[in-house]
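Chemist: Quick one: this structure, given as structure tokens, is what I'll be asking you about.
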Amino acid sequence: MNCSISGEVPEDPVVSKKSGLLFEKRLIERHISDYGKCPITGEALTADDIIPVKTGKIVKPRPVQAASIPGMLGMFQIEWDGLMLSNFALEQQLHTARQELSHALYQHDAACRVIARLKKERDEARGLLAQAERQIPMAATTAVGTTTVSNGKRAAEDEDTGPDGKKIRPGISHSVIETLTECNAGLSQQRKKRQIPATLAPVDALARYTQLNSFPLHKTNKLGILSLDIHYAKDIIATGGVDSNAVVFDRSSGQIISTLSGHSKRVTSIKFAAEGELVVSGSADKTVRVWQSSENGNYDCRHVLKDHTAEVQAVTVHATNNYFVTASLDSTWCFYDLASGLCLTQVADASESEGYTSAAFHPDGLILGTGTSGSLVKIWDVKSQANVAKFDGHVGSVTAISFSENGYFLATAAHDGVKLWDLRKLKNFRTFAPYDENTPTQSVEFDHSGSYLALGGSDIRVYQVASVKADWNHIKTFPDLSGTGKATCLKFGPDATYIAVGSMDRNLRIFGLPGEDQMEG
């Protein structure tokens with residue numbers, strides 16, 4: 001009986017309990033350790049499945065060829081010939097593989113040349129299209145509510161430039177300032193009469209919040225949700241991702257309403273405007289896009305705004321829903337008219353060279369807060385575009401800022417944690433440093449009533465808002481279930497009935513009270 005592997009008579013024979021085949025013990029043990037299966041049948045096999053066979057001592061007969069020197073020389077000659085034939089076959093295979101590789105490289109080079117030619121033709125077509133758009137009457141391009149630019153390009157405008165080469169902006173007109181002032185007066189009066197709504201989630205409810213759902217909204221090849229916003233009346237959520245897409249999502253049904261594709265790099269900031277009919281997105285591709293809801297539920301690109309020369313890091317919409325501001329790493333912020341997409345003014349602080357990394361309007365709308373990559377927080381008077389205050393003390397870029405609903409407090413997040421500022425006395429009155437020095441705080445947000453504050457980093461923490469002197473009680477800590485250790489954005493839902501969280505994976509997570517949300521994530 002011969003070994004099933006070598007074909008020779010085994011010196012130490014064993015037999016498989018499963019297949020009944022005979023093997024040389026050292027050969028089958030080596031094969032099992034490497035592959036874990038029978039070499040003949042392919043079924044799983046372990047060392048416990050082989051049984052030694054007891055035999056008498058086997059004396060191998062000497063082959064006839066090995067009985068003499070000429071016979072042995074003949075054996076060696078046969079083996080040499082076989083080795084030469086095998087070597088020749090390998091050389092032939094190597095030659096064939098080299099030919100195939102050369103052919104593939106030639107095809108790749110040809111494909112690259114074709115792609116380059118197509119890109120050139122595309123750019124030429126875009127130039128012709130822009131030239132044609134300049135000939136369209138301005139009245140047709142600025143019609144509010146009726147015109148949607150089908151290809152997502154804002155009509156190119158012949159803009160004048162000043163002596164320094166910068167574009168001359170029309171500025172914030174007196175009528176716009178009157179609109180902002182009237183809005184401020186109305187909101188201030190409402191705030192004096194404001195009462196915390198009875199439907200607001202109580203503290204004990206927030207303490208029992210847990211993850212209800214996890215929705216995979218973005219692509220798997222580029223993970224990460226960098227920004228989100230919630231439209232409270234419609235209970236829809238917009239997210240901006242590393243995959244260069246924005247997504248509008250219906251939380252109640254758990255369905256994606258529309259995927260907004262057009263940016264070429266990650267979407268860093270996103271906001272709803274005009275009762276959810278418009279979405280404004282900022283991107284690392286240096287552009288801002290305004291998307292308009294259509295009858296079929298999708299959002300079509302209405303304007304592409306190219307006034308910045310570096311990554312757009314933040315977008316914030318004014319309370320009138322008629323204007324919005326963008327902040328960029330090019331050290332400027334732009335004030336836009338929402339309907340026309342026209343940049344009314346672009347503000348640069350000549351005294352500073354750091355870019356802007358975050359921005360938010362004060363609830364009354366006449367104050368703008370911005371955070372910089374140089375750890376500074378700057379407060380601006382929107383009417384005069386003057387820098388009226390600066391807050392320092394942070395370490396690292398200011399990643400997020402949020403004003404409380406009563407207008408008294410400002411929360412800012414940076415590498416060293418969250419700082420709370422009293423806007424009446426312009427000073428820091430409390431600091432939260434929840435993480436170690438290697439873990440930055442990525443996001444901070446007051447709820448709409450101003451009763452709760454949430455911050456996100458390697459986890460999500462919720463605090464109860466109090467006065468300057470009173471303690472801000474820690475209510476709950478939610479673990480970062482994405483496994484990435486980076487909760488990049490968060491926002492309270494209507495009446496703080498849930499918290500939406502985006503992390504550096506593709507999932508939007510909803511935290512709320514168990515039993516109140518019957519959806520399956």
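The values are calculated or read from the model by the stated rules, or taken from the named source; none is laboratory data. Owing to the predicted nature of the structure, the values given are computational and were not obtained by experimental measurement. When we count neighbours, we look across all protein chains shown, and the Cβ atoms used for this are built from the backbone with ideal geometry, even at glycine. Accessible surface areas use protein heavy atoms only, side chains included; no ligands, DNA or RNA. Shrake-Rupley method; radii C 1.70, N 1.55, O 1.52, S 1.80 Å.
Chemist: Which numbered condition trips up G374, out of (1) part of a loop (DSSP other than H, G, I, E, B); (2) under 25 Å from W291 (Cα atoms)?
Modeler: (2)
Chemist: Quick check on L368: is it open to solvent by 10 Å² or more (accessible area, probe 1.4 Å) and outside any loop (DSSP other than H, G, I, E, B)?
Modeler: Numbers: open to solvent by 10 Å² or more (accessible area, probe 1.4 Å): no; outside any loop (DSSP other than H, G, I, E, B): yes.
The answer is no for L368.
Chemist: Return the pairs, sorted by first residue and then second, in which the second residue is assigned to a strand (DSSP E or B) and open to solvent by 50 Å² or more (accessible area, probe 1.4 Å), the first residue lies in region 376-398 and is on the phi > 0 side of the Ramachandran plot, the beta carbons are less than 7 Å apart, and the residues are 6+ apart or on different chains.
Modeler: Close Cβ pairs (under 7 Å, with a partner that is assigned to a strand (DSSP E or B) and open to solvent by 50 Å² or more (accessible area, probe 1.4 Å)) amount to G393/N428.
Chemist: Right, here's the next one. T147 - would you say it is at pLDDT 70 or above and among the β-branched types (V, I, T)? Give the derivation first.
Modeler: Values: at pLDDT 70 or above: no; among the β-branched types (V, I, T): yes.
For T147, the condition - at pLDDT 70 or above and among the β-branched types (V, I, T) - is not met.
Chemist: How many of the residues making up region 277-297 are open to solvent by less than 30 Å² (accessible area, probe 1.4 Å), in contact with a Cys (Cβ under 9 Å, 6 or more places away or on another chain) and within 13 Å of V248 (Cα to Cα)?
Modeler: 1
Chemist: Considering only region 318-336, I want to know if a residue exists there that is open to solvent by 30 Å² or more (accessible area, probe 1.4 Å) and closer than 20 Å to C489 by Cβ.
Modeler: yes
Chemist: Right, another one. Determine, yes or no, whether D229 is farther than 18 Å from D505 by Cβ, acidic (D, E) and buried (at least 23 other Cβ atoms within 10 Å of the Cβ).
Modeler: Values: farther than 18 Å from D505 by Cβ: yes; acidic (D, E): yes; buried (at least 23 other Cβ atoms within 10 Å of the Cβ): yes.
Yes.
Chemist: Out of all the residues in region 201-226, which are under 21 Å from A284 (Cβ atoms), open to solvent by 10 Å² or more (accessible area, probe 1.4 Å) and either at pLDDT 90 or above or β-branched (V, I, T) (or both)?
Modeler: Residues of region 201-226 that are under 21 Å from A284 (Cβ atoms), as a first pass: 217-226.
Pick out the ones that are also open to solvent by 10 Å² or more (accessible area, probe 1.4 Å) and you get 217, 219-223, 226.
Result: T220, L226.
Chemist: What are the residues in region 216-249 that are farther than 12 Å from K271 by Cα, touching a Lys or Arg at 6+ places or on another chain (Cβ under 8 Å) and part of a strand (DSSP E or B), if any?
Modeler: P216, I225, L226, G241, N245 - these are the residues of region 216-249 that are farther than 12 Å from K271 by Cα, touching a Lys or Arg at 6+ places or on another chain (Cβ under 8 Å) and part of a strand (DSSP E or B).
Chemist: What single numbered condition from (1) over 14 Å from the mean Cα position of the chain (by Cα); (2) open to solvent by 20 Å² or more (accessible area, probe 1.4 Å); (3) under 18 Å from L217 (Cβ atoms) fails to hold for A274?
Modeler: Evaluating A274 over (1) over 14 Å from the mean Cα position of the chain (by Cα); (2) open to solvent by 20 Å² or more (accessible area, probe 1.4 Å); (3) under 18 Å from L217 (Cβ atoms) leaves (3) as the failure.
Yes/no per residue for (1) over 16 Å from I196 (Cβ atoms); (2) more than 26 Å from the chain's Cα centre (by Cα):
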{"residue": "S404", "(1), (2)": "no, yes"}
{"residue": "Y408", "(1), (2)": "no, yes"}
{"residue": "W421", "(1), (2)": "yes, yes"}
{"residue": "P434", "(1), (2)": "yes, no"}
{"residue": "P440", "(1), (2)": "yes, no"}
{"residue": "E445", "(1), (2)": "yes, no"}
